[in-house]
Every structure is written in C-alpha cells, then in structure tokens.
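Taken together, the values in this text are just the output of simple stated rules run on the coordinates, not laboratory data. For clarity, every value in this text was computed on a predicted model and none was experimentally measured. Glycine also receives a Cβ, built like all others from the backbone with ideal geometry; neighbour counts cover every protein chain displayed.
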C-alpha cells in the first residue's frame, strides 16, 4: 500500500516529445499493422523490380510507386516528425514548463506550470512502458496523454513505487 500523496516533478525536454510520439506509435495496433503492410508491400515491390521476369510494365510502375511511398513514410517517421516536434518545442514555451504529478488515493493532480487539472483513477486507461519512459493515457471526454521520463523519479517516488501504485490501482501496463 502506497503512502499518499506521492509526487513526481520534471521539466520536459524536446527529445521527450519525440520519444512520447514514438512510444505511442509503437504501442498502437493500427500503426503496427500499417507499418507491417508497408514493409511487406516494399519487399514485394523490390522483388518485382529486381526479378525482370516477374510481371509486366504496369507491375513495375506500381512497385516503384510503393517503394517511393514506403521511403517517404520512413523519412517522415524518422526525420520529419522529430524535426517538427523539436521545432514546436523551441517555439512553444508551454511545452517547456515544469510538470508535477501528485498521486493520491482518490485522484491524480496534474500541474503544468500554473495550470492544473484533476483526473480520477477511473479515467486512467493504461500506461505504456517505453523502457526509460512512461506514457500515461487518460480518457476524459477525449484522450489525454502525459509522459513521465525515468529521470523524474526520486527518493520519494521511485520507479518501483510508481509501478506498484499502478498495480494497486489495477492500471494496465503495456
């Protein structure tokens, strides 16, 4: 049983937003299916282009289009999105503001700078564990995503305490 309240405070960095975006993508079923289909299509396209006896010119044109789309998707995911998030971080002071999460037995108080909100435990859907990073998903009319980097944990609120708290509240960790 946790000794409430427990709190964790940190200031986000640009790389945290990139990692949160990637963690969300990697744990989203539709993204995984789309990525797998794209990889299969690219492999098929390579086979059509590298084996001259397969298909006719229309097949080769379709294969070329699939390769271009696949390459664009890879560049977009690994280069464009991180660049956009880093740029947004530099321009938006709100993204750089200190965050504090206070976990009580009744709710979670989220404070971002001077603004804050209170979320009930029953609004907590799940936590995505991305190694040294946790992405928390809440549903309160719309989905809310908060992240806590590993560096935010301290003596009062260790990573183990956080995990124990989630299990105590029956929150799914994926």
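Inclusion of residue 110 among residues that are surrounded by 11 or more Cβ atoms within 10 Å (Cβ to Cβ) and more than 30 Å from residue 5 (Cα to Cα) is not warranted. In the condition set (1) closer than 18 Å to residue 95 by Cβ; (2) loosely packed, with under 15 Cβ neighbours inside 10 Å; (3) free of Cβ contacts under 8 Å to residues at least 60 places away in the same chain; (4) touching a strand residue (DSSP E or B) at 6+ places or on another chain (Cβ under 9 Å), residue 139 is compliant with all but (1). Of all residues in the stretch 21-38, those satisfying the criterion of being part of a helix (DSSP H, G or I), without any contact (Cβ under 8 Å) to a residue 60 or more places away in the chain, within 13 Å of the chain's Cα centre (by Cα) and closer than 20 Å to residue 84 by Cβ are 25, 31. Among the residues of the stretch 145-170, the one identified as surrounded by 15 or more Cβ atoms within 10 Å (Cβ to Cβ), more than 22 Å from residue 15 (Cβ to Cβ) and either without any contact (Cβ under 8 Å) to a residue 12 or more places away in the chain or touching a helix residue (DSSP H, G or I) at 6+ places or on another chain (Cβ under 8 Å) (or both) is 163.
Looking across the stretch 1-20, the residues that are assigned to a helix (DSSP H, G or I) and either touching a strand residue (DSSP E or B) at 6+ places or on another chain (Cβ under 6 Å) or crowded, with 17+ Cβ neighbours inside 10 Å (or both) come down to 16, 17, 18, 19, 20.
If I go through the stretch 1-20 residue by residue, how many of them are under 13 Å from the mean Cα position of the chain (by Cα) and under 18 Å from residue 137 (Cα atoms)?
Residues of the stretch 1-20 under 13 Å from the mean Cα position of the chain (by Cα): 15-20.
Next cut, under 18 Å from residue 137 (Cα atoms) only: 16-20.
Number satisfying all stated conditions: 5.
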